[in-house]
1. Using the count of nearby Cβ atoms within 10 Å as a rough guide to exposure, how do 54, 38 rank from fewest to most?
2. Relative to the present Cα-Cα distance, how much length would full extension add between residue 70 and residue 99 at 0.36 nm per residue of separation?
3. Roughly speaking, what is the stretch gain from residue 173 to residue 22, that is 0.36 nm per residue apart minus the C-alpha to C-alpha distance, in nm to one decimal?
4. How long is the gain from residue 52 to residue 91 if the chain were fully straight, where each residue apart is worth 0.36 nm and the alpha carbon distance is subtracted?
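Here, each number is a calculation from the coordinates, and none is a lab measurement. Note that this is a predicted model, so its numbers are computed, not measured. Neighbour counts are summed over all protein chains in view; Cβ atoms, including those assigned to glycine, are modelled from backbone coordinates with ideal geometry.
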């Protein structure tokens, strides 16, 4: 019976599907490429994407980025750079998904004296940011063929502020290497 409960919990987080870029409130189109962004700070959408984990509670702002390529050309995403720009122009670069787990360390194990002067070590709690969803749902696409969509999260060590924007640069055409315009998306 406990296996069924585990499988049901896995289904909750496995059902996450990113919405279309143009359906997001914060989206922009340049050169027939549409990029949408949405900050995940609370609510049902956080549970759908991350299960029981709430990264924002630990000082990590997850921002979903969805890219739709309608340009007819393959786009390189391997040099894509995401920067959170606050209302006072303070900048926070995205933390790589594989490094997010090191932002919040596990609790130190407690020790209690045992019989005969021996020490008994009680296990500490597991690191909460060491969940598969952090790396599994991160933006990892390297190329985006024409007519396709790519999506994933970028993680920032900041809180969401009114008037903040997400600045994306580094997209280029795969065949020519020509860099495309940058995207600047407001985060509400």
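1. Working: 54 17, 38 23.
With the fewest neighbours first, 54, 38 line up as 54, 38.
2. 7.2 nm
3. Working: separation 151, 0.36 × 151 = 54.36 nm, distance 2.11 nm.
Length difference between fully extended and current span is 52.2 nm.
4. Working: separation 39, 0.36 × 39 = 14.04 nm, distance 2.91 nm.
So the chain would gain 11.1 nm between residue 52 and residue 91.
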